[in-house]
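S.K.: Here it is, the structure, as structure tokens.
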Amino acid sequence: MAAALRTMLLCLLGAVPTTIGAAPCPAAKGDPVLSRIALAKRVSNAPGNRATLVGRDFGKSPGTVRFGAAVAGIKKWSSRKIALTGIPDGAGLVDVRVTTADQLDTGTLPFTYAPPQLSNVVGIGRNPCAITLRLDGYGFGQIGHGPATHLMVGTIQVSFGNSAIRKWNDHQIRLELARLPRPTVAKVDFEVVTSAGGKSDRPDFPYPFCPSK
């Protein structure tokens with residue numbers, strides 16, 4: 001009881017409690033507070049995916065949301081919720097912070113970007129030698145923001161930028177490739193590589209196309 005009263009007095013005087021185990025000063029009424037980051041259903045913490053910041057006293061006019069140094073696009077702003085157009089590009093662990101239109105800052109919340117996880121590679125189409133590739137997994141993000149930049153087939157790089165992207169969401173990428181390396185073995189390692197240098201696992205998949213002649 002005495003410790004709680006001491007903390008309250010220090011907070012009222014504008015001093016920060018320094019005693020080990022002492023509770024931090026509560027946010028003053030009207031100070032913005034960021035409580036949690038809510039993701040849309042069935043999506044990961046990958047760039048481009050929708051997310052909503054929940055808290056209080058954000059104000060009626062839009063301010064700024066930062067994931068580390070990256071500024072997020074705002075879809076809707078209210079006093080208690082901020083809907084983002086998408087998680088901005090980034091990688092690893094960052095701090096998320098809200099700055100209101102009145103230049104008041106919330107505390108930060110930690111946010112870890114999801115690396116891509118590759119679970120399956122399938123060749124699709126009527127032609128068994130067609131080079132349409134479906135990558136199944138998780139953490140691919142959204143097209144235009146997706147962390148994946150290219151695919152490694154064994155030791156050969158296939159650039160997504162030189163491919164026709166037919167579908168891209170957090171769980172699946174479908175590519176129409178101009179060409180794909182002919183395999184010398186029945187199984188090869190497929191690996192999705194991100195813009196930040198992160199890599200998916202390298203599972204040993206059967207080559208999904210007709211064998212080399």
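S.K.: Pick from the range 45-75 the residues that are among the basic types (Lys, Arg) and in a strand (DSSP E or B): which of them is farthest from Gly86 (Cα to Cα)? Give the derivation first.
M.R.: Initial filter on the range 45-75 (among the basic types (Lys, Arg)): 50, 56, 60, 66, 75.
If we keep only those that are in a strand (DSSP E or B) too, we end up with 56, 66, 75.
Working: Arg56: 21, Arg66: 12, Lys75: 9 Å.
Per the stated criteria, the residue is Arg56.
S.K.: For residues that are closer than 17 Å to Gln117 by Cα and not basic (Lys, Arg), scanning just the range 163-174, find the one that is modelled with the lowest pLDDT.
M.R.: So the residue we want is Trp168.
S.K.: Name the single residue, out of those in the range 76-94 being at pLDDT 90 or above and either hydrophobic (A, V, I, L, M, F, W, C) or farther than 15 Å from Ala51 by Cα (or both), that is surrounded by the most Cβ atoms within 10 Å (Cβ to Cβ).
M.R.: Here the residue is Ile87.
S.K.: Quick test for you: out of Gln142, Gln157, pick the one residue that is modelled with pLDDT under 80 and in a strand (DSSP E or B). Step through it out loud before you land on a result.
M.R.: Numbers: Gln142 fails: in a strand (DSSP E or B).
That would be Gln157, the only listed residue that is modelled with pLDDT under 80 and in a strand (DSSP E or B).
S.K.: Given the criteria in contact (Cβ under 8 Å) with a residue 60 or more places away in the chain, within 22 Å of Val192 (Cα to Cα) and buried (at least 20 other Cβ atoms within 10 Å of the Cβ), does Asn49 qualify? Reasoning before the result, please.
M.R.: Numbers: in contact (Cβ under 8 Å) with a residue 60 or more places away in the chain: yes; within 22 Å of Val192 (Cα to Cα): yes; buried (at least 20 other Cβ atoms within 10 Å of the Cβ): yes.
So Asn49 fits the description; yes.
The values are calculated or read from the model by the stated rules, or taken from the named source; none is laboratory data. Note that this is a predicted model, so its numbers are computed, not measured. Positions of Cβ are backbone-derived with ideal geometry, glycine not excepted, and every protein chain shown enters the neighbour counts.
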